[in-house]
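Heads up: the structure comes next, in structure tokens.
The values are calculated or read from the model by the stated rules, or taken from the named source; none is laboratory data. Note that this is a predicted model, so its numbers are computed, not measured. Virtual Cβ from ideal backbone geometry, glycine too; neighbours counted across all protein chains shown. Side chains included, ligands, DNA and RNA excluded: accessible areas come from the protein's heavy atoms. Shrake-Rupley method; radii C 1.70, N 1.55, O 1.52, S 1.80 Å.
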Amino acid sequence: MTVTDIATWGTADHVRAALERQLEGALVEVPQDDESPRWAFSEALRRSLMLRQRHPFDVVALGLPDLLRYRDLVAGSEVTLRATKIDAYFIRQDGTAEQYLSENE
């Protein structure tokens, strides 16, 4: 089942549950009032690295709220993300996503 297949038949809760099963616990919930973005980012990165280890040839990506504090954390980890081939996306309030691109690209 692909992400597109899941999204066409289910509600957001169904999509989240299906993705959680597909990704073996890889989703990290970040509370709206999160006061510790470094913890949330480090946990998401840790789980992404675990996914990379188990699936070395798959696409692995982080999805983070589009907030300055998360943009700063991603920019500060750019070399590590690039070396491990982990993409980062910023999710806006309207649900659209923007892939992080290095200033060098």
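What to note about this one:
- Within the stretch 63-72, tally of residues that are of a type in the set (A, V, I, L, M, F, W, C) and either at pLDDT 85 or above or outside any strand (DSSP E or B) (or both): 2
The rows are residues; the columns are (1) without any contact (Cβ under 8 Å) to a residue 60 or more places away in the chain; (2) hydroxyl-bearing (Ser, Thr, Tyr); (3) touching a Phe, Trp or Tyr at 6+ places or on another chain (Cβ under 7 Å); (4) open to solvent by 70 Å² or more (accessible area, probe 1.4 Å).
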position: 77; (1), (2), (3), (4): yes, yes, no, no
position: 82; (1), (2), (3), (4): yes, no, no, yes
position: 92; (1), (2), (3), (4): yes, no, no, yes
position: 98; (1), (2), (3), (4): yes, no, yes, no
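- Residues satisfying the stated conditions in the stretch 51-62, i.e. exposed (fewer than 13 other Cβ atoms within 10 Å of the Cβ) and assigned to a helix (DSSP H, G or I): 53, 54
- Residue 21 at pLDDT 80 or above, open to solvent by 40 Å² or more (accessible area, probe 1.4 Å) and among the charged types (D, E, K, R): no
- Test: residue in the stretch 91-98 that is at pLDDT below 85 and in a helix (DSSP H, G or I): no
- Restricting attention to the stretch 29-48, the residues that are open to solvent by 70 Å² or more (accessible area, probe 1.4 Å) and modelled with pLDDT of 85 or more total 1.
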